[in-house]
Amino acid sequence: MKIAIVDESAAGEPRVAATPETVKKFIGLGASVSVQSNAGKASGISNAEYEAAGAAIAKTAKEALKDAGLVLKVRRPTAAETALIKSGATAIAIMDPYGNEAELARIAQAGIISFAMELMPRITRAQVMDVLSSQANLAGYRAVIDGSAVYGRAFPMMMTAAGTVPAARVFIMGVGVAGLQAIATARRLGAVVTATDVRPATKEQVESLGAKFVAVEDEEFKQAETSGGYAKEMSKEYQAKQAALVATHIAKQDMVITTALIPGRPAPKLVSTAMVESMRPGSVVVDLAVERGGNCELSRPGEIVDHNGVKIVGYENVPGRMAATASSLYAKNLYAFAETLISKETKALEINPEDELVKATCLTRDGLVVHPNFQPKTPSKPDPSPAAPAPDGAAQNG
Ligand code: NAI
């Protein structure tokens, strides 16, 4: 079976879906691997390294994809790529399916069996395949680095002959995978760190990293977690109380890093224009939720907005800003999943539709969009199906 890896950098994606390490492993499973020339360049991987691992270098995407049975990608196949993938082939990527139903239909009609890595259930067996975690962890780290790069001051307290420099005060809003890594990174740089979240379980995690927890801890807060471990949308009353507490806190911060998301909904607006205006000039807001509508009213995708001297950083594809590390972790996530689809005996793809990982992630098969979250709504059928993962990868917490 031929596996294809294409260059995604033309579409603004610096990550790549395979590394020499995973290429070697796929060859060990009996596959052949074709890598489009320069596919790894933006991640610091040369054609020669792929060749040394046993891959063939294809001059074009067309050549790489020709007769491939398995296509591994970072992003959903483009229209041009879909046209080059043979009917019956399997494609695995971060598919970003919500709101892109027309694209899904196109992929289905092309006869491609497609899988969305971000819908992987968060169960123990699939932890090694969890792209949301592998990429969010890097985004949390990079948010602090990006924030510190535009902050005109130092992070740690410094006692020098010329005077004492106070430590930066950093506030992290949303303590999922990205937020936890942001706390740890800001602490390592010497900042005084506080954090907030609507899930009560995060209080202990924040404190165990040496940061202080800031939240309105009323009865609603104590119930504010789904059985899957995700955040619920809070009542208007809670949001108002929390916003008042946060407003007084933000006014004293040098940096605010927001990572708050609710599966299947736009990002909650947590930092208002008035809150930004209460910050000292020179302060920084880094909005990691900018691609999902943003946690800060003033953030704009792909831009650093200067509002009265406060900089609001809204970089997109933050994991892609550390493409080498992001690719190496993503490639391992992909390998771990793809390996479960390849038969050790026949060395071909043998997809078991009853496998819970397949059920949760398979979007298209047999010319149809098969995932329960993307079926036409009928009054008699609740949507989404309770057995299916909720939008945006929300599933069980294991
Ligand atoms: P996420 O990316 O969906 O959201 C980030 C954070 O924003 C969450 O902690 C959420 O509670 C918070 N948030 C939402 N609304 C907020 C608001 N109004 N104010 C403040 N914070 C708000 O979350 P992520 O990183 O995907 O993690 C979600 C859960 O999944 C966590 O419980 C995590 O521990 C769990 N998890 C489980 C894994 C497993 O394999 N078992 C792997 C990774 C995460």
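Observations on the structure shown:
- Among the residues of segment 92-135, the one identified as closer than 24 Å to Met322 by Cα, away from the ligand (no atom under 16 Å from the Cβ) and more than 14 Å from the chain's Cα centre (by Cα) is Ile92.
- Candidates in segment 240-274 are the residues that are open to solvent by 60 Å² or more (accessible area, probe 1.4 Å) and in contact (Cβ under 8 Å) with a residue 24 or more places away in the chain; of these, the one that is nearest to the ligand (Cβ to nearest atom) is Leu261.
- Matching residues, segment 189-239, being assigned to a helix (DSSP H, G or I) and surrounded by 14 or more Cβ atoms within 10 Å (Cβ to Cβ): Thr202, Lys203, Gln205, Val206, Glu220, Phe221, Tyr238, Gln239
- Yes/no for Lys222 being free of Cβ contacts under 8 Å to residues at least 40 places away in the same chain and within 13 Å of the ligand (Cβ to nearest atom): no
- Evaluation of Val175 against the conditions (1) in a loop (DSSP other than H, G, I, E, B); (2) open to solvent by 10 Å² or more (accessible area, probe 1.4 Å); (3) within 15 Å of the ligand (Cβ to nearest atom); (4) within 27 Å of Gly320 (Cα to Cα) shows that the sole unmet condition is (2).
The values are calculated or read from the model by the stated rules, or taken from the named source; none is laboratory data. As the structure is a prediction and not an experimental result, all values here were calculated from the model. No Cβ is skipped: glycine too gets one built from the backbone with ideal geometry, and neighbour counts run over all protein chains shown. To get the accessible areas, we keep the full protein, side chains included, count just its heavy atoms, and leave off ligands, DNA and RNA. Shrake-Rupley method; radii C 1.70, N 1.55, O 1.52, S 1.80 Å.
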